[in-house]
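Report on the following structure.
The values are calculated or read from the model by the stated rules, or taken from the named source; none is laboratory data. No experiment lies behind these values; they were computed from the predicted model shown. Virtual Cβ from ideal backbone geometry, glycine too; neighbours counted across all protein chains shown. We work out accessible area using only protein heavy atoms, side chains counted, and drop any ligands, DNA or RNA first. Shrake-Rupley method; radii C 1.70, N 1.55, O 1.52, S 1.80 Å.
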Amino acid sequence: MKRTVLITGATSGIGEACARKFAEGGYKLIITARRADKLNALKAELEAQGAEVQTLVFDVRDAAAAKEAMQQVETVDVLINNAGLALGLEKEYEGNLEDWNVMIDTNVKGLLTMTRLVVPGMVERNQGHVINIGSVAGDAAYAGGNVYCATKAAVKAITDGLRIDVAESAVRVTNIKPGLVETNFSNIRFHGDTERADNVYKGIKPLTGEDIADVAFYAASAPAHVQIAEVLVLATHQASGSVIHREK
Ligand code: NDP
Ligand code: 8X3
């Protein structure tokens, strides 16, 4: 029987690349995000290639909406908690309170909501895999990263905590921590300032969503006794969240 992957934030970047990769790998897909038009376009594209795709439109910050949407879901074998964002790069003492709330509510509380909704079924079936998309930003703060870095440090602690709590079961838990990945991430971070967003990737060949999808797919495909607990994936000329070598 086909395995099912549920991917949050599948309308762009890493989540969209995961959808393509897992569809190609023979999974049944449940793709979720807020933008119905983008989800439907991806569904049509993947179904034309023979995949079975269900879409769920909800905001991961809305726990009631997530719960209601999940009532349409039977079994999830792999949950990819990917929906997330950074907003702003201000100094912590000059930051925007609303931006902070959105990041914390999405990256931390949204991920927890999905975990709480999906993992009980995995434990009951003694089978499943949770793949959280953390970040190099969670390893150490960088200038202006403050609250975003904190949310990704929280993702690390939440992932490690879940791994401990399901250790008696066959459920596997993975934290993938990418460095610079060229997606819509920086456009969102800089509130649509495309020039500033483009500068993030100047002078370095960044990772792509596909690079991260490959790692997620590998983790999900490893033999059942192998748990890829954590993976830090950086572009070759990036050494940490703040050390990036750029060609002039
Ligand atoms: P994108 O902006 O390209 O994609 C973000 C996705 O998240 C979109 O599909 C968006 O869908 C979804 N999303 C955002 N907020 C919500 C919400 N409240 N509810 C539901 N879905 C939401 O960025 P990336 O692909 O780069 O980011 C994906 C993940 O990877 C994030 O967690 C990010 O922190 C992490 N990451 C990114 C890195 C990078 O350099 N790009 C590096 C390390 C980690 P929609 O708007 O349709 O709801
Ligand atoms: C996204 C990567 O380095 O911009 O998590 O924080 S970074």
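Count of segment 119-155 residues, restricted to those that are under 15 Å from residue 83 (Cα atoms) and either part of a helix (DSSP H, G or I) or within 11 Å of ligand 2 (Cβ to nearest atom) (or both), is 8. In summary, residue 173 fulfils each of the numbered conditions (1) away from ligand 2 (no atom under 16 Å from the Cβ); (2) in contact (Cβ under 8 Å) with a residue 40 or more places away in the chain; (3) assigned to a helix (DSSP H, G or I) with the single exception of condition (3). Kindly list, by first and then second residue, each pair from a residue in segment 56-68 that is among the acidic types (Asp, Glu) to a residue that is part of a loop (DSSP other than H, G, I, E, B), limited to pairs with Cβ atoms under 8 Å and residues at least 6 apart or on different chains. Listed by first residue and then by second, the contacts come to 59/34; 68/58. Just one of the numbered conditions (1) within 22 Å of residue 182 (Cα to Cα); (2) open to solvent by less than 60 Å² (accessible area, probe 1.4 Å) is not true of residue 159: (1).
Here's the yes/no breakdown for (1) within 15 Å of ligand 2 (Cβ to nearest atom); (2) not β-branched (Val, Ile, Thr):
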site: 168; (1), (2): no, yes
site: 177; (1), (2): yes, yes
site: 189; (1), (2): yes, yes
site: 208; (1), (2): yes, no
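The set of residues in segment 102-143 that are open to solvent by 30 Å² or more (accessible area, probe 1.4 Å) and aliphatic (A, V, I, L, M) comprises 104, 112, 117, 123, 140, 141, 143.
A quick yes/no check of all residues on (1) touching a helix residue (DSSP H, G or I) at 6+ places or on another chain (Cβ under 9 Å); (2) in contact (Cβ under 8 Å) with a residue 24 or more places away in the chain; (3) closer than 30 Å to residue 122 by Cβ:
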| site | (1), (2), (3) |
| --- | --- |
| 146 | yes, yes, no |
| 151 | yes, yes, yes |
| 154 | yes, yes, yes |
| 167 | no, no, yes |
| 178 | yes, yes, yes |
| 190 | yes, yes, no |
| 193 | yes, no, no |
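Is segment 78-93 home to any residue that is surrounded by fewer than 20 Cβ atoms within 10 Å (Cβ to Cβ), more than 16 Å from ligand 2 (Cβ to nearest atom) and under 19 Å from the mean Cα position of the chain (by Cα)? No, segment 78-93 has no match at all. Comparison of 47, 24 shows that the only residue that is of a type outside the set (Gly, Ala, Ser), open to solvent by 20 Å² or more (accessible area, probe 1.4 Å) and touching a strand residue (DSSP E or B) at 6+ places or on another chain (Cβ under 8 Å) is 47. Of all residues in segment 45-61, those satisfying the criterion of being more than 17 Å from the chain's Cα centre (by Cα) and among the acidic types (Asp, Glu) are 45, 47, 52.
Results for (1) farther than 19 Å from residue 111 by Cβ; (2) away from ligand 1 (no atom under 11 Å from the Cβ); (3) polar (S, T, N, Q); (4) open to solvent by less than 80 Å² (accessible area, probe 1.4 Å), shown as yes or no for each residue.
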position: 31; (1), (2), (3), (4): no, no, no, yes
position: 41; (1), (2), (3), (4): yes, yes, no, yes
position: 52; (1), (2), (3), (4): yes, yes, no, no
position: 65; (1), (2), (3), (4): no, no, no, yes
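Summed over segment 165-185, residues that are away from ligand 1 (no atom under 16 Å from the Cβ) and within 19 Å of residue 138 (Cα to Cα) total 1. Among the residues of segment 185-212, those that are among the charged types (D, E, K, R) and either open to solvent by 80 Å² or more (accessible area, probe 1.4 Å) or assigned to a loop (DSSP other than H, G, I, E, B) (or both) comprise 193, 195, 196, 198, 202, 205, 210.
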